[in-house]
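The values are calculated or read from the model by the stated rules, or taken from the named source; none is laboratory data. Not measured: the values here are computed from a predicted model. Note: ideal-geometry Cβ built from the backbone for every residue, glycine included; neighbour counts use all protein chains shown. These area figures cover heavy atoms from the full protein model, side chains too; ligands, DNA and RNA do not enter into them. Shrake-Rupley method; radii C 1.70, N 1.55, O 1.52, S 1.80 Å.
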Amino acid sequence: MYTPKEVAENYLSTCRAKAALPLGRMFLLACLAGAFVALAGVASTAAAATVGDPSLAKLVSGCVFPAGLAMVIVAGSELFTGNNLMIMGVLSRVISARRMLRNWGVVYLGNFVGAALVAALCVLGHVFAAFDGRLAASVISIAQAKASLSFGDAFVRGILCNFLVCIAVWMASAAKSVPGKILAVFFPIMTFVVAGFEHSVANMFYLPAGILAAGRYGVAAEGLSWASMWTGNLLPVTLGNILGGCLVGVVYWAVYLRRGRRA
């Protein structure tokens, strides 16, 4: 495996490659990442939908959801939350802040399109009708809970979540084999799911899925709307994700890449 210092140095090349992607290719890769995370969300919710004990249900969900980041890393795609580590490239002056923000904006939009499309297809294909409608009820309940968080709670949970996601990306970058990368992402991602932290790209699936499922199955979902999806969750969670991800990037840059620290 690569040492942490080697991971930091290697990531600068990754920053250059990400910043240099043509917009169309960047957007399509981002759509894939959004779809990968959303598909993991479908599977993890289905796996936990009929588990009666809430703690056990979270554990089951947490053991399935890491498949999303595993697909993102091994199959190759662009994930907004992981790309928050690009702050390292800006601090090391290998990319500009403008190029980083360009990547973040395009990738965020692509992630949303990919995740929301999976949500729409699941509703269209009656995937959530499984278990006599209990899967639909679970999807709607999850979305309501997310949309009802206070701004502060969603923001802080976003910080904690992307701290772990970026640690997972960092650990996967240290591995030289596919099994090593998959194992590396498993525990940090499982941790954030079990702990109930908030991931903006995952929520780009959960919230549209809840809204669309409520409409399809005629369920009254109080407090759940397209407006509350943004103001009640995605805005504060996204801001928290950026802070949590940049925290990881800044710390590792300061330790391994800051001028005078390279050896």
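Under 30 Å between alpha carbons: how many lysine pairs meet that in the chain, if sequence neighbours fewer than 8 apart on the same chain are excluded? Walk me through the intermediate numbers first.
Values: K5/K18; K5/K176; K5/K181; K18/K176; K18/K181; K58/K146; K58/K181; K146/K181.
Lysine pairs meeting the criterion: 8.
Please report how far the C-alpha centroid of the range 171-207 lies from that of the range 26-40, rounded to the nearest whole angstrom.
14
So what is the diffusion coefficient of the chain in µm² per second by Stokes-Einstein at 25 °C and 0.890 mPa s, using a Kirkwood Rh over Cα pairs?
Details: Rh = 18.4 Å.
The calculation lands on 133 µm²/s.
Using a 1.4 angstrom probe, figure out how much accessible area the chain has per residue, in square angstrom, rounded to the nearest whole.
On the way: 11340 Å² over 263 residues.
Dividing the accessible area of the chain by its residue count gives 43 Å².
Between V74 and A97, what is the label-point separation in nm under the 7 Å Cα-to-beta-carbon projection?
Rounded to a tenth, the inter-label distance reads 3.9 nm.
Express in nm, to one decimal, how much length is gained between L235 and T50 on full extension, taking 0.36 nm for each residue of separation and deducting their alpha carbon distance.
On the way: separation 185, 0.36 × 185 = 66.60 nm, distance 3.09 nm.
Net length gain for the segment: 63.5 nm.
Counting only C-alpha contacts under 8 Å and six or more residues apart, can you give the relative contact order of the chain as a whole percent? If you can, show how the numbers build up before the last one.
Values: 454 pairs, mean separation 77.4, N = 263.
That works out to 29 percent.
Can you pull the percent of the range 94-232's accessible area that's carbon plus sulfur, 1.4 Å probe, other chains left in place? Walk me through the numbers before you get to the answer.
Working: 4220 of 5980 Å².
For the range 94-232, the apolar C and S fraction of the accessible surface comes to 71 percent.
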